[in-house]
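Take a look at the structure set out below.
The values are calculated or read from the model by the stated rules, or taken from the named source; none is laboratory data. Keep in mind it's a predicted model, so treat the numbers as computed, not measured. Glycine also receives a Cβ, built like all others from the backbone with ideal geometry; neighbour counts cover every protein chain displayed.
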Amino acid sequence: MRKMRLVLIFVAAVMLFVTATSCEKTTEPKVTPGKMIRVPGGTFTMGNTRGVVDEYGDEYDDELPTHSVTLNTFYIGKYLVTQAEYSKYMQPGSPWKAKFGLGKNYPAYNVSWYAAIKYCNLRSIAEGLTPCYTLLGSTNPADWGEIPDDDYDPDISTWDEVICDFHANGYRLPTEAEWEYAARGATNNPDYLYSGSDDPDAVACYGNADEVGWGSRPVGSKAPNGLKIYDMSGNIEEWCWDWYHWRYYEDSPQDNPTGASQAESWERVARGGCWIFVEEACRVSKRSGNDPSNITLINGFRLCRSSID
């Protein structure tokens, strides 16, 4: 009987150790995904916080009113998606050329918004992640048909009905609010004009309209911001998830906003400016809208993922 009690005590001790070990493993923080930066959740002031006006002294109405936004933790690409990364799953809408930036470490451009969301799901599936985007009831881009390449494509209205699952752990485009928060380094203090500096030459590839400086630059060519994220000012303009509406800030939700409704817009948000724009267009608060079917030399994207902590 005494031996049986000893055996039972030993078994109980082993089970207690296994349980404790298991608990330790489940509470360990997960590793930040490769080439991504963890952006801690928090509250910031979004919009034209520096009171910048245009050359005529007018305010940028679509950046006002400044307003408080609270975001959950998320992950965002340290760099823009490169040509090497993009070509692993897809080809650009128009070939990349040396004149505009060509090489494995150059940012992918000639990428429409529709192509960007397809890439996100293809890469998510390839890496065993749960895709974020659902179109025609499927998360598999093989079921979506051809990517619309102009406003008159008969399938464009179908593609515009794509749904994003922000709880999935796969790749997606950042929301406009997530993009600006990350570009600001997750803080309004210091309240930089550009992503990481008040000096655009330090952090941005911009204004390269002459033949000598023509084209994009390899990712990470300039200094990063406070979160060690590169090229959020200049180089290639970046697609965001949101529909663009110039008066959206007047009634934007405070908690994790995801943009205007489809009924209010026909453009998707593009942020960050690019290599051919003037410095003013590279400000962290600068907003732009672009037709999601557009394939241009200036549009690319950066990956985002919802928190997996």
Study note, to complete from the structure: Expected output for the range 93-105 (first residue in a loop (DSSP other than H, G, I, E, B) and aliphatic (A, V, I, L, M), partner surrounded by 12 or more Cβ atoms within 10 Å (Cβ to Cβ) and modelled with pLDDT of 95 or more, Cβ below 7 Å, 6+ apart or cross-chain) is Leu102/Trp96
Exercise for review: Kindly indicate whether Asn225 is at pLDDT below 95 and surrounded by 15 or more Cβ atoms within 10 Å (Cβ to Cβ).
Suggested key: no
Check your understanding: What is the one condition in (1) part of a loop (DSSP other than H, G, I, E, B); (2) without any contact (Cβ under 8 Å) to a residue 40 or more places away in the chain; (3) in contact with a Lys or Arg (Cβ under 9 Å, 6 or more places away or on another chain) that Asp201 does not satisfy?
Key -> (1)
Review point. Identify, please: which residue in the range 251-281 is out of contact with any helix residue (DSSP H, G or I) (no Cβ under 6 Å at 6 or more places or on another chain) and not in a loop (DSSP other than H, G, I, E, B) and is, among those, modelled with the lowest pLDDT?
Key: Ala263
Review point. If you take the residues of the range 106-132 that are of a type in the set (D, E, K, R) and not in a loop (DSSP other than H, G, I, E, B), which of them is surrounded by the fewest Cβ atoms within 10 Å (Cβ to Cβ)?
Key: Arg123
Check your understanding: Only one of these conditions is not met by Ser233: (1) more than 17 Å from the chain's Cα centre (by Cα); (2) under 24 Å from Leu64 (Cα atoms); (3) of a type outside the set (Lys, Arg). Which number is it?
Key -> (1)
Practice item. Would you mention how many residues in the range 216-234 are under 17 Å from Trp96 (Cβ atoms) and either free of Cβ contacts under 8 Å to residues at least 12 places away in the same chain or of a type in the set (A, V, I, L, M) (or both)? Key: 1
Review point. Is there any pair linking a residue in the range 44-69 that is closer than 13 Å to Lys286 by Cβ to one that is among the hydrophobic types (A, V, I, L, M, F, W, C) and assigned to a loop (DSSP other than H, G, I, E, B), with Cβ under 8 Å and at least six apart or on different chains, and which?
Key: Gly47/Leu64; Asn48/Leu64; Arg50/Leu193; Val52/Leu193; Tyr60/Val52; Asp61/Trp246; Asp62/Trp246
Exercise for review: Go through the range 282-309 and give me each residue that's polar (S, T, N, Q) and either modelled with pLDDT under 95 or within 21 Å of Ser94 (Cα to Cα) (or both).
Suggested key: Asn290, Ser293, Asn294, Thr296, Asn299, Ser307
**Study point:** Selection count where residues are surrounded by fewer than 21 Cβ atoms within 10 Å (Cβ to Cβ) and out of contact with any strand residue (DSSP E or B) (no Cβ under 8 Å at 6 or more places or on another chain), scope the range 148-192
**Key:** 13
Exercise for review: May I ask you to list the residues in the range 44-58 that are within 22 Å of Gln254 (Cβ to Cβ) and not hydrophobic (A, V, I, L, M, F, W, C)?
Suggested key: Thr45, Gly47, Asn48, Thr49, Arg50, Gly51
Study note, to complete from the structure: Within the range 278-293, residues in contact (Cβ under 8 Å) with a residue 60 or more places away in the chain and surrounded by fewer than 21 Cβ atoms within 10 Å (Cβ to Cβ) come out as Val278, Glu279, Glu280, Ala281, Asn290, Asp291
Practice item. May I ask you to list the residues in the range 174-196 that are at negative phi and either in contact with a helix residue (DSSP H, G or I) (Cβ under 6 Å, 6 or more places away or on another chain) or not in a loop (DSSP other than H, G, I, E, B) (or both)? Key: Glu176, Ala177, Glu178, Trp179, Glu180, Tyr181, Ala182, Ala183, Tyr194, Ser195
